[in-house]
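Here is the structure we will look at.
The values are calculated or read from the model by the stated rules, or taken from the named source; none is laboratory data. None of these values were measured; they are calculated from a predicted model. Backbone-built Cβ (ideal geometry, glycine too); neighbour counts: all protein chains shown. SASA here: full protein model, heavy atoms, side chains in, ligands and nucleic acids out. Shrake-Rupley method; radii C 1.70, N 1.55, O 1.52, S 1.80 Å.
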Amino acid sequence: MARIIVFDVNETLLDINALEPHFTRAFGDRAVLREWFSTVLLYSEVASLAGPYSDFGAIGGAALDMTAASRRVSLSPDDRNRILTGMRSLPAHPDVRDGLRRLKDAGFRTVTLTNSSPAMVEQQLRNAGIADLFERAFSVDAVRRFKPAPDPYRFVAKELGVETSGLRMVAAHAWDVVGAMQAGCAAAFVARPGKVLYPLAPAPDIVGPDLRAIAEQIIARDASR
(Lines give C-alpha, C1' and ligand atoms only; values in the text may rest on other atoms or scores of the structure.)
Protein backbone atom coordinates (compact mmCIF):
# COMPACT_ATOMS: atom_id res chain seq x y z
CA MET A 1 0.00 0.00 0.00
CA ALA A 2 1.31 3.46 -0.88
CA ARG A 3 2.33 5.60 2.05
CA ILE A 4 -0.01 8.32 3.25
CA ILE A 5 1.61 11.71 2.67
CA VAL A 6 1.61 14.01 5.70
CA PHE A 7 2.37 17.70 5.17
CA ASP A 8 3.68 20.29 7.57
CA VAL A 9 1.85 23.59 7.03
CA ASN A 10 3.75 26.73 8.09
CA GLU A 11 6.66 27.43 5.70
CA THR A 12 6.28 24.06 3.96
CA LEU A 13 2.92 24.86 2.33
CA LEU A 14 2.34 28.47 3.37
CA ASP A 15 4.66 31.43 2.87
CA ILE A 16 5.29 33.27 6.14
CA ASN A 17 7.28 35.90 4.23
CA ALA A 18 3.88 37.49 3.56
CA LEU A 19 4.19 38.85 7.12
CA GLU A 20 7.32 40.88 6.31
CA PRO A 21 5.46 44.18 5.70
CA HIS A 22 3.91 43.91 9.19
CA PHE A 23 7.36 43.47 10.75
CA THR A 24 8.77 46.36 8.72
CA ARG A 25 5.95 48.55 10.02
CA ALA A 26 6.26 47.40 13.64
CA PHE A 27 10.03 46.99 13.99
CA GLY A 28 11.50 48.87 11.02
CA ASP A 29 13.16 45.64 9.88
CA ARG A 30 11.51 42.82 7.97
CA ALA A 31 14.23 40.39 9.13
CA VAL A 32 12.71 40.44 12.63
CA LEU A 33 10.11 38.03 11.22
CA ARG A 34 12.70 35.24 11.27
CA GLU A 35 13.84 36.10 14.77
CA TRP A 36 10.24 35.97 15.99
CA PHE A 37 9.37 32.70 14.25
CA SER A 38 12.53 31.03 15.56
CA THR A 39 11.50 32.10 19.06
CA VAL A 40 8.03 30.62 18.50
CA LEU A 41 9.56 27.28 17.51
CA LEU A 42 12.01 27.34 20.41
CA TYR A 43 9.35 27.89 23.03
CA SER A 44 6.99 25.34 21.52
CA GLU A 45 9.78 22.83 22.17
CA VAL A 46 10.18 24.21 25.70
CA ALA A 47 6.44 23.65 26.22
CA SER A 48 6.85 20.02 25.14
CA LEU A 49 9.97 19.30 27.18
CA ALA A 50 9.35 21.30 30.34
CA GLY A 51 5.76 22.58 30.21
CA PRO A 52 3.34 24.16 30.68
CA TYR A 53 1.55 23.45 27.40
CA SER A 54 -0.01 26.38 25.52
CA ASP A 55 -1.30 26.32 21.98
CA PHE A 56 0.80 27.61 19.09
CA GLY A 57 -1.13 30.87 18.81
CA ALA A 58 -0.56 31.72 22.47
CA ILE A 59 3.14 30.91 22.13
CA GLY A 60 3.25 33.08 19.01
CA GLY A 61 1.87 36.02 20.98
CA ALA A 62 4.25 35.47 23.89
CA ALA A 63 7.22 35.19 21.51
CA LEU A 64 6.18 38.42 19.80
CA ASP A 65 6.10 40.21 23.15
CA MET A 66 9.54 38.78 23.97
CA THR A 67 10.91 39.93 20.62
CA ALA A 68 9.57 43.44 21.15
CA ALA A 69 10.99 43.58 24.68
CA SER A 70 14.42 42.36 23.58
CA ARG A 71 14.52 45.08 20.91
CA ARG A 72 13.07 47.74 23.23
CA VAL A 73 10.15 48.31 20.86
CA SER A 74 6.76 49.40 22.14
CA LEU A 75 4.49 47.22 20.03
CA SER A 76 1.07 48.78 19.41
CA PRO A 77 -2.03 46.59 19.83
CA ASP A 78 -2.82 47.09 16.14
CA ASP A 79 0.63 45.95 14.99
CA ARG A 80 0.54 42.97 17.33
CA ASN A 81 -2.89 41.98 16.05
CA ARG A 82 -1.87 42.35 12.38
CA ILE A 83 1.04 39.96 12.83
CA LEU A 84 -0.83 37.32 14.81
CA THR A 85 -3.99 37.36 12.68
CA GLY A 86 -1.82 37.44 9.56
CA MET A 87 -0.75 33.87 10.33
CA ARG A 88 -4.31 32.80 9.51
CA SER A 89 -4.25 34.18 5.97
CA LEU A 90 -0.82 33.22 4.65
CA PRO A 91 -0.70 32.45 0.92
CA ALA A 92 0.40 29.07 -0.38
CA HIS A 93 3.77 28.92 -2.09
CA PRO A 94 3.29 29.03 -5.90
CA ASP A 95 4.31 25.37 -6.34
CA VAL A 96 2.01 23.97 -3.67
CA ARG A 97 -1.29 23.47 -5.44
CA ASP A 98 0.39 21.87 -8.48
CA GLY A 99 2.37 19.47 -6.29
CA LEU A 100 -0.63 18.49 -4.20
CA ARG A 101 -2.82 18.05 -7.27
CA ARG A 102 -0.20 15.79 -8.84
CA LEU A 103 -0.21 13.54 -5.76
CA LYS A 104 -3.99 13.42 -5.58
CA ASP A 105 -4.24 12.55 -9.27
CA ALA A 106 -1.75 9.73 -8.69
CA GLY A 107 -4.04 8.29 -6.00
CA PHE A 108 -2.17 9.32 -2.85
CA ARG A 109 -3.94 10.10 0.40
CA THR A 110 -2.83 13.47 1.76
CA VAL A 111 -3.25 14.97 5.24
CA THR A 112 -1.63 17.76 7.23
CA LEU A 113 0.07 17.72 10.64
CA THR A 114 0.84 21.10 12.14
CA ASN A 115 1.83 22.75 15.38
CA SER A 116 -1.05 25.21 14.77
CA SER A 117 -4.32 24.76 16.65
CA PRO A 118 -7.23 23.01 14.91
CA ALA A 119 -9.16 26.27 14.44
CA MET A 120 -6.11 28.04 13.05
CA VAL A 121 -5.12 25.35 10.56
CA GLU A 122 -8.70 25.13 9.31
CA GLN A 123 -8.62 28.86 8.55
CA GLN A 124 -5.10 28.68 7.11
CA LEU A 125 -5.90 25.94 4.60
CA ARG A 126 -9.22 27.50 3.63
CA ASN A 127 -7.80 31.00 3.21
CA ALA A 128 -4.90 29.62 1.14
CA GLY A 129 -7.36 27.82 -1.14
CA ILE A 130 -5.94 24.33 -0.59
CA ALA A 131 -8.29 22.80 2.02
CA ASP A 132 -9.96 20.67 -0.67
CA LEU A 133 -6.71 18.80 -1.33
CA PHE A 134 -6.49 17.16 2.10
CA GLU A 135 -8.39 14.26 3.61
CA ARG A 136 -7.82 15.46 7.18
CA ALA A 137 -5.98 18.19 9.08
CA PHE A 138 -4.24 17.08 12.29
CA SER A 139 -3.00 19.32 15.09
CA VAL A 140 -0.53 18.61 17.86
CA ASP A 141 -3.20 19.89 20.27
CA ALA A 142 -4.59 16.34 20.27
CA VAL A 143 -1.52 15.09 22.16
CA ARG A 144 -0.39 18.40 23.70
CA ARG A 145 3.17 17.95 22.54
CA PHE A 146 4.70 19.81 19.63
CA LYS A 147 6.64 18.33 16.77
CA PRO A 148 9.35 17.00 16.66
CA ALA A 149 8.28 14.95 19.71
CA PRO A 150 7.25 11.46 18.53
CA ASP A 151 3.70 11.67 19.89
CA PRO A 152 2.13 13.72 17.07
CA TYR A 153 3.45 11.42 14.32
CA ARG A 154 2.32 8.32 16.20
CA PHE A 155 -1.09 9.90 16.78
CA VAL A 156 -1.60 10.49 13.06
CA ALA A 157 -0.61 6.91 12.25
CA LYS A 158 -3.05 5.56 14.86
CA GLU A 159 -5.87 7.76 13.60
CA LEU A 160 -5.30 6.62 10.02
CA GLY A 161 -4.98 2.96 10.97
CA VAL A 162 -1.39 2.45 9.81
CA GLU A 163 2.04 2.00 11.32
CA THR A 164 4.30 5.06 11.33
CA SER A 165 6.23 3.37 8.51
CA GLY A 166 3.10 3.88 6.42
CA LEU A 167 3.49 7.66 6.62
CA ARG A 168 5.79 10.02 4.74
CA MET A 169 6.25 13.42 6.40
CA VAL A 170 6.90 16.31 4.01
CA ALA A 171 8.46 19.37 5.62
CA ALA A 172 10.72 22.34 4.98
CA HIS A 173 12.15 22.02 8.50
CA ALA A 174 15.07 19.72 9.27
CA TRP A 175 13.79 19.27 12.84
CA ASP A 176 10.43 18.00 11.54
CA VAL A 177 12.17 15.56 9.21
CA VAL A 178 14.35 14.30 12.07
CA GLY A 179 11.35 13.93 14.38
CA ALA A 180 9.32 12.02 11.80
CA MET A 181 12.15 9.65 10.92
CA GLN A 182 12.96 9.00 14.57
CA ALA A 183 9.29 8.09 15.06
CA GLY A 184 9.51 5.54 12.24
CA CYS A 185 8.09 7.55 9.32
CA ALA A 186 9.65 8.10 5.94
CA ALA A 187 10.27 11.77 5.15
CA ALA A 188 10.82 14.24 2.34
CA PHE A 189 12.65 17.55 2.76
CA VAL A 190 11.51 20.63 0.85
CA ALA A 191 14.69 22.66 0.49
CA ARG A 192 13.08 26.09 0.32
CA PRO A 193 15.47 29.08 0.27
CA GLY A 194 17.55 29.15 3.44
CA LYS A 195 16.45 25.68 4.57
CA VAL A 196 19.08 22.96 5.00
CA LEU A 197 19.19 19.48 6.50
CA TYR A 198 20.66 18.75 9.93
CA PRO A 199 24.00 17.01 9.22
CA LEU A 200 24.06 14.91 12.41
CA ALA A 201 20.90 12.96 11.54
CA PRO A 202 20.16 10.46 8.75
CA ALA A 203 19.10 12.16 5.52
CA PRO A 204 15.64 11.46 4.07
CA ASP A 205 15.48 9.57 0.80
CA ILE A 206 13.61 12.41 -0.94
CA VAL A 207 14.89 15.99 -1.17
CA GLY A 208 13.70 18.63 -3.63
CA PRO A 209 13.53 22.40 -4.09
CA ASP A 210 9.73 22.63 -4.15
CA LEU A 211 6.56 20.58 -3.93
CA ARG A 212 6.40 19.82 -7.64
CA ALA A 213 9.80 18.10 -7.49
CA ILE A 214 8.90 16.37 -4.23
CA ALA A 215 5.64 15.04 -5.69
CA GLU A 216 7.39 13.50 -8.69
CA GLN A 217 9.89 11.73 -6.46
CA ILE A 218 7.17 10.46 -4.12
CA ILE A 219 5.21 9.06 -7.06
CA ALA A 220 8.30 7.31 -8.40
CA ARG A 221 9.26 5.85 -5.01
CA ASP A 222 6.03 5.21 -3.09
CA ALA A 223 3.28 4.55 -5.63
CA SER A 224 4.07 0.83 -6.00
CA ARG A 225 5.29 0.30 -2.44
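Of the residues LEU42, LEU49, LEU90, the single one that is within 20 Å of ASP141 (Cβ to Cβ), touching a strand residue (DSSP E or B) at 6+ places or on another chain (Cβ under 7 Å) and either hydrophobic (A, V, I, L, M, F, W, C) or open to solvent by less than 70 Å² (accessible area, probe 1.4 Å) (or both) is LEU90. Residues in the stretch 211-225 that are of a type outside the set (Ser, Thr, Tyr) and open to solvent by 40 Å² or more (accessible area, probe 1.4 Å): ARG212, GLU216, GLN217, ALA220, ARG221, ALA223, ARG225.
Between ASP98, ASP105, the distinction of being among the charged types (D, E, K, R) and in contact (Cβ under 8 Å) with a residue 40 or more places away in the chain belongs to ASP98 only. When residues in the stretch 68-85 are screened for being part of a helix (DSSP H, G or I) and surrounded by 15 or more Cβ atoms within 10 Å (Cβ to Cβ), 6 of them pass.
In the set ASN10, ASN17, only one residue is modelled with pLDDT of 95 or more, closer than 27 Å to ILE214 by Cα and open to solvent by 40 Å² or more (accessible area, probe 1.4 Å); that residue is ASN17.
Report yes if some residue within the stretch 187-210 is part of a helix (DSSP H, G or I) and surrounded by 14 or more Cβ atoms within 10 Å (Cβ to Cβ); otherwise report no. Checked against the condition, which is being part of a helix (DSSP H, G or I) and surrounded by 14 or more Cβ atoms within 10 Å (Cβ to Cβ), the stretch 187-210 yields no hits at all.
The set of residues in the stretch 116-133 being assigned to a loop (DSSP other than H, G, I, E, B) and in contact (Cβ under 8 Å) with a residue 60 or more places away in the chain consists of SER116, SER117, ALA128, ILE130. The listed residues are ILE5, ILE59, and the only one of them that is open to solvent by less than 30 Å² (accessible area, probe 1.4 Å), of a type outside the set (Lys, Arg), assigned to a helix (DSSP H, G or I) and modelled with pLDDT of 95 or more turns out to be ILE59.
In a helix (DSSP H, G or I), under 20 Å from the mean Cα position of the chain (by Cα), under 15 Å from THR12 (Cα atoms) and modelled with pLDDT of 95 or more: is that true of LEU113 in this structure? No, not satisfied.
When the test is whether a residue is within 24 Å of LYS195 (Cα to Cα), outside any loop (DSSP other than H, G, I, E, B) and open to solvent by 60 Å² or more (accessible area, probe 1.4 Å), ASP65 does not pass it.
Rundown of residues vs (1) of a type outside the set (A, V, I, L, M); (2) modelled with pLDDT of 95 or more; (3) open to solvent by 60 Å² or more (accessible area, probe 1.4 Å), yes/no style:
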| position | (1), (2), (3) |
| --- | --- |
| ASN127 | yes, yes, yes |
| VAL143 | no, yes, no |
| TYR153 | yes, yes, no |
| ALA157 | no, yes, no |
| LEU167 | no, yes, no |
| HIS173 | yes, yes, no |
| GLN182 | yes, yes, yes |
| CYS185 | yes, yes, no |
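Note on the stretch 94-110: among residues that are not hydrophobic (A, V, I, L, M, F, W, C) and not in a helix (DSSP H, G or I), the one that is nearest to ASP210 (Cα to Cα) is ASP95.
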